[in-house]
Structure formats: structure tokens, C-alpha cells
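Scroll down for the structure; my scribbles are underneath it.
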Amino acid sequence: MIPGWLQVIALSIAPITEYQLAIPLALTTYHYPWYFAYALGVFGSFLPFFPLFFGFEFVRRHVTRLFPRLIRPFDMLIARAEKKVRGDYDKYGAIALFIALVIPFPLTGVWTTTLAAVALKIPMRSAAIGIFFGLLCGAGLVTLAATGIIHSPLFTG
């Protein structure tokens, strides 16, 4: 049996769910205190940052060479991530990564912003800072909404 805290971290690592689903799960299913659910969600969501940031081009090169037809989904993912952040990045710099994460919508998490940072060739330090602080704030909003401190139609029945 996998412990609940590890399930929450695994869910927060996953590219579609990330902290947006992991924190409410930790609060409602496992009844963890808000600060523990928040910490697990942030920790798990930020784990993929460095492997994604440094490994994406490596993986892309090898996939292109071994399976050229499989590169199209990668290119589409990069184009989507770049499109999502490009205009804001040109205007606001690395703060655009922060903004993309503060609003906790699906597919606006660490995975998307990291891929956008790679596509836009944002320096690692700027990307990490913008993404990390955006993650802290976005996870904070999800935690506040999931505990009922702030009202959100996402968490009401």
C-alpha cells in the first residue's frame, strides 16, 4: 500500500493534475492539515522543473533521431506552451511565468511554464524564480479555496 503523502506528491508531479488537484485531495481524502497539503503540493509540483528544463532538448534530440514521427506531439506541446506565454513574456519578462502559475487553471502549471521557458530560451535562474514563486502563490490560492477561506466555484457543490 502506498502512503497517502506519497500519492499526493505523485499526483502533484503529474503534468495535468499538479498541485491543482493534489492539494484538494490531500485535504479532503487524507484530511491532512492545510500546511502539510500545501507543502506536499508545492514540493511535488516543483520536482519536475530541473529535469524538464535541462532534459527537454536532450530528449527531443534523441526522439527525433530514433522516432521522427513522434516529435510532432513534442513540437505541438512546445508551440502551445510558447504561445501561452510568448506575448506576456515579451511584455513582462520572467514575471510572465509567475503570472501563468498564479492563476491555477488546468494546463498552466510547472510543466507548461517550464516548457515555455525552454522554448523562449529564458535563463534557468529567471525561469526557476518566476516559476517557483508563481507556484507558491497559485498553490496558496488553491489551498485557501479548498479549505473554504476564499470562495471558488471550483470547490463548491
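The values are calculated or read from the model by the stated rules, or taken from the named source; none is laboratory data. Everything quoted here is computed from the prediction, not taken from an experiment. Please note: Cβ atoms are built from the backbone with ideal geometry, for glycine as well, and neighbour counts cover all protein chains shown. Calculation scope for accessible area: heavy atoms of the full protein, side chains included, ligands and nucleic acids excluded. Shrake-Rupley method; radii C 1.70, N 1.55, O 1.52, S 1.80 Å.
Side notes on the structure shown:
- Of the helices (runs of 4 or more DSSP H) lying entirely inside region 1-115, those containing at least 3 residues that are out of contact with any Lys or Arg (no Cβ under 8 Å at 6 or more places or on another chain) and of a type in the set (K, R) are 49-66, 71-92.
- Only one entry of F36, F54, F49, F43 meets the criterion of being under 14 Å from the mean Cα position of the chain (by Cα), within 23 Å of F98 (Cα to Cα) and open to solvent by 60 Å² or more (accessible area, probe 1.4 Å), and that entry is F43.
- Residue match in region 116-125 (condition: modelled with pLDDT of 90 or more and farther than 30 Å from T29 by Cβ): yes
- Of the residues making up region 102-113, just one is modelled with pLDDT under 80, under 23 Å from P73 (Cβ atoms) and either open to solvent by less than 60 Å² (accessible area, probe 1.4 Å) or in contact with a Phe, Trp or Tyr (Cβ under 9 Å, 6 or more places away or on another chain) (or both), namely T108.
- Annotation note: of A14, A37, A22, the sole residue that is out of contact with any Ser or Thr (no Cβ under 8 Å at 6 or more places or on another chain) and aliphatic (A, V, I, L, M) is A14.
- Candidates in region 10-33 are the residues that are surrounded by fewer than 20 Cβ atoms within 10 Å (Cβ to Cβ) and of a type in the set (A, V, I, L, M, F, W, C); of these, the one that is modelled with the lowest pLDDT is I16.
- Between I95, I99, I2, the distinction of being more than 14 Å from the chain's Cα centre (by Cα), open to solvent by 30 Å² or more (accessible area, probe 1.4 Å), closer than 24 Å to L141 by Cβ and β-branched (V, I, T) belongs to I95 only.
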